[in-house]
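Accompanying notes for the structure given below.
The values are calculated or read from the model by the stated rules, or taken from the named source; none is laboratory data. All values derive from a computational prediction rather than experimental measurement. Ideal geometry is used to build each Cβ from the backbone, glycine not excepted, and the neighbour counts take in all protein chains shown. What goes into the accessible areas is simple: the full protein's heavy atoms, side chains included, and nothing from ligands, DNA or RNA. Shrake-Rupley method; radii C 1.70, N 1.55, O 1.52, S 1.80 Å.
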Amino acid sequence: MAVEVKDSQAVLAAVRSAVERFGTSHDELIPILNEVNREIGYLPGEALDELSQLLRVSKSQLFSVASFYRMLSTKPRGKHVIQFCESAPCHVAGGREVWQAVIDILHIKEDETTSDGMWTLVTTSCLGLCSVGPVMVIDDDVYATLPATMDPEILSKYH
């Protein structure tokens, strides 16, 4: 099963809703992109085209911002996104072993999505939780002080 791609009307509705909520100020660019990304699951070209017109910002500038921040994506992601911290404190606390366990469980690598469209695995430089590493975030749920064996039960909570 492929990752679900929203139709044009849903994309345009999400973009217009975000702009209506946050306004057209360039100061609101990241919240707008984040809102659209959360609603659609990623930032398709069609969304960037519409935002470019509504905000009077070049599409290349929008793409630069969208590709810089790991919370945003310009390609479809799975139903659930796992963000894994790859910072030094998490690494020293056993992050490498946990990372490998997640890869072994899901059978995907960094920036890949499972064939059923359920999971996408991404790394991030820091989640700001260095004192409780290793850390990963699934959607908005934080999992800290993970054991090297990485309990597969954590993933089974998500459907």
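Size descriptors for region 1-94: radius of gyration and Dmax over Cα atoms are 14.7, 47 Å.
Taking the radius of gyration and the Kirkwood hydrodynamic radius from Cα positions alone, what is the Rg/Rh ratio for region 119-159, to two decimal places?
Details: Rg = 10.5 Å, Rh = 11.2 Å.
My calculation of the ratio gives 0.94.
Where the accessible area of region 25-99 is counted over protein heavy atoms with a 1.4 Å probe, how much of it, in %, is carbon and sulfur?
Of the solvent-accessible surface of region 25-99, carbon and sulfur hold 50 percent.
What the phi angles of region 91-107 give under the Karplus curve with 6.51, -1.76 and 1.60, with θ = phi - 60°, is a coupling list of 4, 5, 7, x, x, 4, 5, 5, 4, 5, 5, 5, 4, 5, 6, 8, 6 Hz, glycine and proline written as x.
Inter-label distance, R56 to I154: 4.7 nm, where each label sits 7 Å from its Cα along the C-beta direction. For the chain, the solvent-accessible area with a 1.4 angstrom probe is 55 square angstrom per residue.
The simple spin-label model puts a point 7 Å past each Cα toward its Cβ; for K75 and D141 those points are separated by 2.7 nm. Farthest towards the positive end of the charge dipole of region 79-133, among the residues V98, S115, V132, is the Cα of V132, using unit charges on the Cβ of Lys, Arg, Asp and Glu. Measuring from each cysteine beta-carbon in the chain, the ones with no other cysteine beta-carbon under 4.7 angstrom are C126, C130. When shorter helices are ignored and each DSSP H run of at least 4 residues is given -39500 (n - 2.57), the per-residue value for the chain at 222 nm works out to -12000 deg cm²/dmol. Taking 7 Å steps out from each Cα toward its Cβ at I105 and F63 produces label points 3.6 nm apart. Projecting each Cα onto the charge dipole of the chain (Lys/Arg +1, Asp/Glu -1 at the beta carbon, about the Cα centre), which of A14, C85, T149 comes out farthest on the positive side? So the residue furthest toward the plus end is A14. The average projected area of the chain, computed from the convex hull of its Cα atoms over all directions, is 9.6 nm². With Cα atoms defining each centre, region 103-159 and region 24-59 are spaced 27 Å apart in the structure. Highest mean packing first, where packing is the average number of other Cβ atoms within 10 Å per residue, the peptides 138-150, 69-81, 40-52 line up as 40-52, 69-81, 138-150. Remark: region 138-144, residue by residue, has Karplus-estimated 3J(HN,Hα) of 10, 6, 10, 9, 9, 10, 10 Hz, where x stands for each Gly or Pro and the curve is 6.51 cos²θ - 1.76 cosθ + 1.60 at θ = phi - 60°.
Can you give the % of DSSP beta bridges in region 1-131 that are antiparallel, to the nearest 5?
Antiparallel: roughly 25 percent of the beta bridges in region 1-131.
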